[in-house]
Amino acid sequence: MKTKCDLAGYLRPLGILAAVIFSGVTAQANPIELPEKSITPEISLVIGVAILLEVICIWLVLRRARRPRFFVLWLAGMHLITYPAFLGVLWMLQDIRPALAVAVGEGLVVVVEGIIIYLICRYVVPAKPEIAAPSMAKCWLASLIGNVCSAGAFPILVALYEHFNKV
């Protein structure tokens, strides 16, 4: 049986990692190049739809595993941590090629999101406790599939936005 001390021992390194990632770096990052414009509500909608697509993919991969109630909301809330962290990584890697920086950032996001999904499925009260919790590998696979779908859909969503914005 896990005690609070054991759980704190697991969460402390994640807290330190979050503190390092969430330093002031994230406030200065902007991976979307818009000439002389800030992020508009429309681009925010495109980002939100891409994140929603990622959440749906993760939910579909883990639909037969033990999950907490409101799992989709937990996944959406997870992006309040991982998206600013992704922006921070991009800002820190701004001196290297953009494609490599995005690949490194997405790789780190897949790993971190997989760990967060695993912790959510293990430690948040499940809706159906009799079902087995997903393994770490399955959580990473779900995160990878979700991020690939989101990253693949994002340019399409931006092109659709630009197409309908011209009309």
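The values are calculated or read from the model by the stated rules, or taken from the named source; none is laboratory data. For clarity, every value in this text was computed on a predicted model and none was experimentally measured. Here Cβ is always computed from backbone atoms with ideal geometry, including for glycine, and neighbour counts include all displayed protein chains.
Go through the residues of region 47-65 one by one and say whether even a single one is of a type in the set (Lys, Arg) and under 23 Å from Glu130 (Cα atoms). Yes, region 47-65 has at least one match. Among the candidates Arg97, Arg122, the residue that is surrounded by 14 or more Cβ atoms within 10 Å (Cβ to Cβ), modelled with pLDDT of 85 or more and charged (D, E, K, R) is uniquely Arg122. For the residues Glu113, Glu130, the requirement of being charged (D, E, K, R), surrounded by fewer than 18 Cβ atoms within 10 Å (Cβ to Cβ) and within 28 Å of Arg64 (Cβ to Cβ) singles out Glu130. Counting only helices (runs of 4 or more DSSP H) that fall entirely inside region 59-167 and contain at least 3 residues that are without any contact (Cβ under 8 Å) to a residue 40 or more places away in the chain and farther than 21 Å from Val46 by Cα, the qualifying elements are 98-123, 136-166. The sole residue among Val46, Val61, Val109, Val55 that is in contact with a Phe, Trp or Tyr (Cβ under 7 Å, 6 or more places away or on another chain) and at pLDDT 90 or above is Val109.
State all residues of region 77-116 that are among the aromatic types (Phe, Trp, Tyr) and farther than 26 Å from Pro134 by Cβ; if no residue qualifies, say none. Residue satisfying the conditions is Trp91 alone.
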